[in-house]
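Report on one structure; see the data block that follows.
Coordinate-derived values only; no laboratory data. This is a predicted model, so every value here is computed, not measured. Every residue, glycine as well, gets a Cβ built from its backbone with ideal geometry; the counts of neighbours run over all protein chains shown.
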Amino acid sequence: MQKPNILFLLADDQRHRTIHALGNKEILTPNLDRLVHQGCSFTNAHIMGGTNGAVCMPSRAMLFTGRTLFHIENEGQNIPPEHTTLGEAFKNEGYSTCGIGKWHNGTQSYARSFTCGGNIFFGGMWDHWNVPVCDYHEDGEYNHMIRYTSNFYYGNQTMEMHCDRISAGVHSTELMASEAIRYLENYTEEKPFYLQVSFLAPHDPRTMPDKYKNMYRPDELTLPPDFSEEFDVDFGIGSMRDEVLAGYPRSESEIRQHLADYYAMISHLDDAVGRILSALERSGKLENTIIVYAADNGLAVGSHGFMGKQNLYEDSVRVPLIISGSGIPEGKTMDQYVYLSDIFPTLCQLCDVEIPASVEGKSMLPVIENGQAIHDSLYLAYEGKVRAVKKAPYKLIEYRTDKMCRTQLFDMEKDPYEQDDLSEEEGLAEVRRSLALLLEDYNEKLDDCRHRIGREFWKNYRKTEER
């Protein structure tokens, strides 16, 4: 029998509590619900964090190489040849590999990962209605540049962007979905395919088609329990671009509007997923295809007073992850810890593809097959400012900068929204000490303190611990 095909659908900035079938009864996601019912949902899927404000760039580098945060190159701006990519691993095993949509890790790594593609966006975020895209270039050269003025209303500064054309008037979600559907409808090769569709949604600007604009009434949406008007911990990121998207202090009405727009973008994305799944079914290849749905990182949208993903609270580091299709048990919800970087070796094992030596992630097959944990704890990091460890039921977060020092401790079973800081509880002193030791162990194991960004955190951490 032919090896399974892979359909990998990747959202941009979608947090974990945004799928109807997984508990959010206010959002409409019928097609993602279908994947939930037909596959395995990993409700404790995490990113390891980020070493700069563009969290999606290192997150995607970890996802597509299976490597840990401090073992990727240049914060993920590029992926060196010695780090085999997911697409490259499947290409080397004879798969047709197609890359559609966003690729945030350099043109050279894209070129060696895919045998075909289309509507390729080499960047981070953009106007959804005017996406600069490249066609697939067989020679691997993506040197064509188009000049544009980023803010013509206020100035005349021009910049250059890797692209062959501007797709004016077509929403990015439709642009990527239509390209994927064309691929599936025209695929005639005998060999299996790896089709990667990377959307720009629901990342802002949240400019969804008219059909979705009024899908959600802000006054009918429930603010999450962790909504806060001000930062729960102010560690110096208040002037970052993501954090100035809403007024400060945050207002309930403005955050409700942000949530309404966020949910609308996700529902639009869900419809596009449905169109792709229908095309896959029409192609006759559904039964022998493994489908992965994930997001590159989460988003706060008012949680703990933050708007972006540059923190280590749950809404920023936990993401949707669903695997369904050929050989995957149906209707299972798994709460074991996993990282996005574990997807790489998992797909390799499911498809009998050799796992490259450069991959550091762990296969999730033990979780899928018998509920066996592959991580008993997790390490999380943001820039040189914040580190955290999770070991059930607790989560320890350490903040260190030149100007501030703060510790938080949460019981995640009793307090899943991280509202009750237990770090000063005398009865939990031993818990805090053991988690601090775990933090140190991960630091050494993952080479955090030997990384140029990590050194900043550990320098400040050592200062406070010596007092």
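Worth pointing out:
- Between the alpha-carbon centres of segment 21-100 and segment 362-398 there is a gap of 16 Å.
- Relative contact order (%) - criterion: Cα under 8 Å, at least six apart; region: segment 378-465: 27 percent
- For peptides 267-273, 332-338, 295-301, sequence by mean Cβ density within 10 Å, most packed first: 295-301, 267-273, 332-338
- Between Trp129 and Glu82, residue separation times 0.36 nm minus the direct Cα-Cα distance comes to 13.3 nm.
- Among residues other than Gln38 with Cβ under 14 Å from its Cβ, the summed charge is -2 (Lys and Arg +1, Asp and Glu -1).
- Asp376/Asn156 FRET efficiency (R0 60 Å; Cβ-Cβ; nearest 0.05): 0.60
- Summing Cβ point charges (Lys, Arg +1; Asp, Glu -1) relative to the Cα centre of segment 5-370 gives a dipole of roughly 380 debye.
- Charge tally for Thr29 (other residues, Cβ to Cβ under 12 Å; Lys, Arg +1; Asp, Glu -1): -1.
- In segment 1-101, the chymotrypsin sites (Phe, Trp or Tyr not before Pro) that fall in loop regions by DSSP, at most 13 other Cβ within 10 Å: none
- A simple count of charges around Asn52, restricted to other residues whose Cβ falls under 9 Å of its Cβ and scoring Lys, Arg +1 and Asp, Glu -1, yields -2.
- Between Asn288 and Leu365, the FRET efficiency from the beta-carbon distance, with R0 = 25 Å, is close to 0.85.
- Over the chain, relative contact order from alpha-carbon pairs under 8 Å, at least 6 apart, %: 23 percent
- Label point distance in nm, Asp402-His71, each placed 7 Å from Cα along Cα→Cβ: 3.3 nm
- Residue exposure proxy: Trp126, Trp103, ordered by other Cβ atoms within 10 angstrom of their Cβ from fewest to most, comes out as Trp126, Trp103.
- Anisotropy class assigned to segment 5-370 is rounded, per the alpha carbon gyration tensor with a/c under the 1.5 cut-off.
- Asp415-Arg217 FRET efficiency (beta carbon distance; Förster radius 22 Å; 0.05 resolution): 0.15
- Put simply, the amide H of Ala295, placed in the peptide plane, has neighbours under 5 Å in Ala11, leaving out anything fewer than 5 places away on its chain.
- Exposure proxy order (Cβ contacts within 10 Å, fewest to most) of Phe152, Phe344: Phe152, Phe344
- Panel order for Phe410, Phe235, by other beta carbons found within 10 Å of each beta carbon, from fewest to most: Phe235, Phe410.
- Inter-probe distance in nm under a simple model that places probes 7 Å from Cα toward Cβ, at Asp210 and Cys116: 3.6 nm
- Label point distance in nm, Ala392-Asn186, each placed 7 Å from Cα along Cα→Cβ: 4.8 nm
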